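Chemist: Provided herewith is a single structure, encoded as structure tokens, for subsequent inquiry.
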Amino acid sequence: MKIISVSCSLTLAVLVTTALLFGISYAQLDSRSFGGFSDQPQPLAMEKAFPFYVSAVSPGQFKIVWNLAEGHYLYRHAFDFSMIQKPEGQALDVDYVLPDGLKKNDQFFGDIEAYYGQIEVDINLRTIPGPDAILLISYQGCADWGFCYPPQRFEFLLNP
């Protein structure tokens, strides 16, 4: 029986150490992994919580569509879009249109606008993209139960 106790303690120590190394707070860990002390949900992977795709509408115009997992939302204030012509180049502004979001009081940022369900963002480039041009897509979101994901930045090659 002592072997099981040592094994559980060792598992807990490994999980906490791993969390500290990867910058995850103790509160963000799935508490069920510590012996079932709570029914707190486990965070979804980013790809499952905030899946999106980019499509070309016309030359210089793109649409980005997010289909958020149930109980997950994105912050309006955290969206940012820009373009770089070369991997080491300077970011250039692009025009984009965000729909109105749901006004709510967020435990992390206070009064905010949030998006649930499906969000469509129209992107208009101010300059013609070169062969190595990349669209930079930044966003951040949370789960309703209190888990907040770190800010994300995705690079989309405009001319594959």
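Chemist: Any idea which residue in segment 91-117 is farthest from Tyr149 (Cα to Cα), counting only those that are of a type in the set (A, V, I, L, M) and assigned to a loop (DSSP other than H, G, I, E, B)?
Modeler: Among residues in segment 91-117 that are of a type in the set (A, V, I, L, M) and assigned to a loop (DSSP other than H, G, I, E, B), the one farthest from Tyr149 (Cα to Cα) is Ala91.
Chemist: Among the residues of segment 118-143, how many are over 14 Å from Gln85 (Cα atoms) and within 14 Å of the chain's Cα centre (by Cα)?
Modeler: 8
Chemist: Identify the residue in segment 112-154 that is among the hydroxyl-bearing types (Ser, Thr, Tyr) and at pLDDT 95 or above and, among all such residues, is nearest to Asp39 (Cα to Cα).
Modeler: Per the criteria, the residue is Tyr149.
Chemist: Looking only at segment 47-65, which residues are β-branched (Val, Ile, Thr) and surrounded by fewer than 16 Cβ atoms within 10 Å (Cβ to Cβ)?
Modeler: Scanning segment 47-65 gives Val57, Val65.
Chemist: Additional query: Against the definition (in contact (Cβ under 8 Å) with a residue 24 or more places away in the chain and in contact with a Phe, Trp or Tyr (Cβ under 6 Å, 6 or more places away or on another chain)), how does Tyr96 come out, yes or no?
Modeler: yes
For every residue, the table says whether it meets (1) among the basic types (Lys, Arg); (2) surrounded by fewer than 14 Cβ atoms within 10 Å (Cβ to Cβ); (3) not in a strand (DSSP E or B).
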site: Gly89; (1), (2), (3): no, yes, yes
site: Ile119; (1), (2), (3): no, no, no
site: Ile123; (1), (2), (3): no, no, no
site: Pro129; (1), (2), (3): no, no, yes
site: Leu135; (1), (2), (3): no, no, no
site: Trp145; (1), (2), (3): no, yes, yes
site: Arg153; (1), (2), (3): yes, yes, no
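Chemist: Give the residues of segment 96-117 that are of a type in the set (A, V, I, L, M, F, W, C) and surrounded by fewer than 17 Cβ atoms within 10 Å (Cβ to Cβ), sorted by residue number.
Modeler: Result: Val97, Leu98, Leu102, Phe108, Phe109.
The values are calculated or read from the model by the stated rules, or taken from the named source; none is laboratory data. Nothing here was measured: the structure is a model prediction, and the numbers come from that model. Positions of Cβ are generated from backbone atoms using ideal geometry, with glycine treated the same way; all protein chains shown enter the neighbour counts.
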